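Laboratory data are not the source of any read-out in this text; all were calculated from the coordinates shown. No experiment lies behind these values; they were computed from the predicted model shown. As a convention, Cβ positions derive from the backbone with ideal geometry for all residues, glycine included, and neighbour counts pool all protein chains shown.
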């Protein structure tokens with residue numbers, strides 16, 4: 001029996017939720033903490049009275065919990081609405097208009113969006129066919145005016161782990177921003193970056209809360225100006241309930257990390273079974289340095305959106321590319337960066353597991369995928 | 001049964017989906033993403049519309065309302081190659097194309113039907129006003145819709161016999177007013193959306209601008225002469241892509257005798273537009289090619305069938321002969337404005353027999 005399933009309401013027996021990288025189930029304890037806060041007495045953390053002090057204390061407790069999970073001091077953690085906002089906060093705070101950013105070619109679109117908004121010029125460091133990055137390539141891309149280097153800790157689509165520490169050593173003293181939204185809670189984070197972005201809903205908190213860790217001594221210009229909240233770095237009344245829940249989820253992080261060997265065994269079993277049963281299956285990413293929960297693959301000639309839909313109709317939830325591009329827009333830019341052509345990139349799908357995942361859920365995909373791929377070939381769709 | 005409903009976001013396909021759902025089928029909505037939003041549409045959507053033009057959002061809203069699955073399929077490349085580019089090229093050749101038929105032939109009842117099968121669907125449902133009749137012997141007839149004013153069978157003449165077995169048109173027996181009534185009754189968010197008779201990728205009706213954008217500045221037709229039937233130059237035009245046979249407005253020339261002038265012929269390669277009196281628009285027949293027969297064979301040469309030479313044509317009695325891939329149609333009474341590039345679709349009563357693409361009028 002899997003302790004993670006516990007009181008959490010998960011899909012019924014015919015459903016398999018295999019999209020934990022999109023969002024993870026909310027931990028019951030985190031949901032309860034948020035509900036308790038919302039159902040309790042009100043309080044704006046900026047208010048001078050006791051109700052405000054209570055809210056402030058709740059936030060500061062959560063800040064300590066998240067900081068502990070990051071191995072940081074509480075004062076270095078800024079709460080945001082999520083990873084996207086944290087990336088914007090970091091880029092806007094460090095990159096002057098027209099400034100230069102060196103970023104891996106496979107960063108999340110939110111990072112590139114933040115650079116665009118900041119008016120930054122971006123040099124993209126390419127990946128090889130396995131999606132790997134070379135730290136020396138970051139150094140080679142530096143210019144005197146480079147204000148920031150961005151390298152994610154783990155890639156959301158293909159699951160690759162990146163040598164954040166080696167990149168930081170290669171580009172010092174330029175500050176390194178590391179998007180750890182997917183790595184947090186799945187692998188230990190490497191030291192080295194000056195800024196780390198994490199997201200609540202990937203680790204069992206509700207969506208709508210995230211954090212930016214900023215190394216001591218680094219000055220960020222305020223992003224959402226107009227309020228003294230978060231030491232002036234991020235104005236606006238805090239999402240106290242979400243922050244409290246994030247704190248609770250952060251305290252469960254050691255258990256989450258401890259569950260990863262089981263998750264990895266499930267993922268490896270899934271990968272082996274699919275390789276054996278689905279002709280033309282190709283796995284993406286670096287088998288030597290990959291998140292324990294993620295499997296990115298394609299079935300040659302079969303559109304990823306078709307697989308997503310066909311599996312969805314049978315109760316299996318996974319994604320094609322990142323959640324944003326699965327509305328059938330462009331082929332995955334991450335798979336393109338690996339050197340795949342448009343058709344191959346369109347074929348990509350991502351399975352991502354979590355501590356709550358059961359063997360039955362994985363079995364369901366193993367049972368269904370070969371038949372669905374065969375049907376696609378028979379129908380002429382492949 | 002599992003049915004895929006092709007959903008454009010309009011009233012008709014939304015009602016088709018709702019009726020299938022009401023009848024107890026497992027409905028899967030599929031919307032084709034055919035093109036990117038134009039800058040105007042992006043502005044109207046408030047900018048930053050990353051994924052869907054409004055119609056796709058409407059289709060999704062209807063499916064959400066019904067509680068059924070909805071997916072978008074990206075056919076932008078195929079649509080450009082199979083529909084938009086041939087559309088633009090036809091104008092360069094002096095033809096007036098019919099992109100809706102091409103879209104049905106190459107996307108809706110080809111790629112989308114294939115995708116429906118790949119999703120395990122028993123049928124592909126669309127909101128077309130047309131009917132499929134099961135002959136009971138394993139073959140099917142395509143028929144006109146009950147509501148003659150809404151009949152869209154003209155656009156469907158290219159359907160393959162084997163595809164008919166898996167296509168349902170639930171609106172074929174209904175009147176448009178019934179469809180709106182159903183939409184209102186079912187609380188569909190699109191019930192009062194206006195009917196569009198425009199070509200979807202020319203929302204403002206400015207064909208010439210679309211042609212220019214697709215073919216690029218090098219290939220845009222040059223200005224040329226407007227001549228009468230004797231070859232006398234009456235004026236100049238801004239490019240043959242602005243003209244279609246039978247057109248009266250926007251010529252900017254008048255006949256010396258003060259008669260109303262109509263476009264009789266558009267010669268793309270020469271860049272010439274020929275105009276003349278309305279009686280010169282009459283043709284005894286036409287020649288067409290690229291024929292398609294739903295039952296695999298054309299009607300016998302001595303049979304009088306009904307020929308429609310454009311979507312809104314009421315139909316004219318005619319006899320047809322097929323020589324190789326060429327179809328000759330002889331009208332019992334001469335018909336006005338036979339337009340190269342349009343489809344000629346042949347009917348036996350309610351039944352669609354097939355048709356072809358008009359190459360030229362014959363006789364006078």
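What angle do you read, to the nearest 10 degrees and between 0 and 90, between the alpha-carbon axis of helix A:28-39 and the longest principal axis of chain A?
40 degrees
Going by alpha carbons, how many degrees (0 to 90, nearest 10) lie between the helix axis of B:176-185 and the longest principal axis of chain B?
30 degrees
Given an 8 Å cut-off on Cα distances and at least 6 residues of separation, report the relative contact order of region B:280-362 as a percent.
Relative contact order of region B:280-362: 43 percent.
Specify the inter-centroid distance of region A:11-45 and region A:122-137, based on alpha-carbon positions, in whole Å.
Going from one Cα centre to the other spans 36 Å.
What order, most packed first, do the peptides A:211-223, B:9-21, B:62-74 have when packing is the mean number of other Cβ atoms within 10 Å of each residue?
Those peptides, ordered most packed to least, come out B:9-21, B:62-74, A:211-223.
Give me the percent relative contact order of region A:28-251, please, defined on Cα pairs under 8 angstrom at least 6 residues apart.
27 percent
Considering the alpha-carbon set of region A:28-251 alone, what are its Rg and its Dmax in angstrom?
Values for region A:28-251 (Cα only, Rg and Dmax): 17.5, 58 Å.
In 5 Å bins starting at 0, how do the alpha-carbon pair distances of region B:124-278 split up by percent?
2, 8, 13, 12, 10, 10, 10, 12, 11, 8, 4, 1, 0
Computed on alpha carbon atoms, what radius of gyration and Dmax characterise chain A, expressed in Å?
Rg then Dmax for chain A, in Å: 21.0, 70.
Of the DSSP beta bridges with both residues in the protein assembly as shown, give the percent that are antiparallel, rounding to the nearest 5.
65 percent
Compute the distance from the alpha-carbon center of region B:190-218 to that of region B:95-169, in whole Å.
23 Å
Suppose a student asked you for the relative contact order of region B:221-276, using Cα pairs under 8 Å spaced at least 6 residues apart; what percent would you report?
Here the relative contact order equals 39 percent.
Would you mind calculating the gained length between residue A:142 and residue A:47 on full extension (0.36 nm times residue separation, minus the Cα-Cα distance), in nm to one decimal?
Separation in residues times 0.36 nm, less the Cα-Cα distance, equals 29.7 nm.
Measuring from label point to label point, each 7 Å out along Cα→Cβ, what is the residue B:2 to residue B:257 span in nm?
In this crude label model, residue B:2 to residue B:257 measures out at 6.7 nm.
At a Förster radius of 25 Å, what calculated FRET efficiency corresponds to the Cβ-Cβ distance of residue B:348 and residue B:160, to the nearest 0.05?
0.85
Under the Kirkwood approximation applied to all pairs of distinct alpha-carbon atoms, what is the hydrodynamic radius of the protein assembly as shown in Å?
Kirkwood radius, the protein assembly as shown: 29.5 Å.
With N denoting the number of residues in region B:2-185, provide Rg(C-alpha) divided by 2.2 N^0.38 Å, to two decimal places.
1.04
For region A:87-224, give the share of DSSP beta bridges that are antiparallel, in percent and rounded to the nearest 5; count only bridges with both residues there.
Bridges in region A:87-224 that DSSP calls antiparallel: roughly 30 percent.
To one decimal place, what orientation-averaged projected area in nm² is obtained for the convex hull of the Cα set of region B:69-171?
Over every viewing direction, the Cα hull of region B:69-171 projects on average to 7.8 nm².
Counting only other chains, what is the mean number of Cβ atoms within 10 angstrom of the Cβ of each residue in peptide B:172-178?
Counting Cβ atoms of other protein chains within 10 Å of each residue's Cβ and averaging gives 0.
So if we plug the beta-carbon distance of residue B:139 and residue B:173 into 1/(1 + (r/R0)^6) with R0 = 30 Å, what FRET efficiency do we get, rounded to 0.05?
0.90
So for region B:221-276, considering every pair of alpha-carbon atoms, how many percent are separated by more than 17 Å?
Summing the P(r) of region B:221-276 above 17 Å gives 22 percent of all pairs.
Apply 1/(1 + (r/R0)^6) to the Cβ-Cβ distance of residue B:222 and residue A:377, taking R0 = 51 Å, and write down the FRET efficiency to the nearest 0.05.
0.55
Can you give me the angle between helix A:260-277 and the longest principal axis of chain A, using Cα atoms only, in degrees from 0 to 90, rounded to the nearest 10?
Tilt relative to chain A: about 30 degrees.
Can you tell which of B:287, B:352, B:210 shows the greatest fluctuation in a Gaussian network model of chain B with Cα springs below 10 Å?
Top of the fluctuation ranking is B:210.
Using a basic spin-label model with each label point 7 Å from the Cα along Cα→Cβ, how many nm lie between residue B:289 and residue A:288?
Rounded to a tenth, the inter-label distance reads 6.0 nm.
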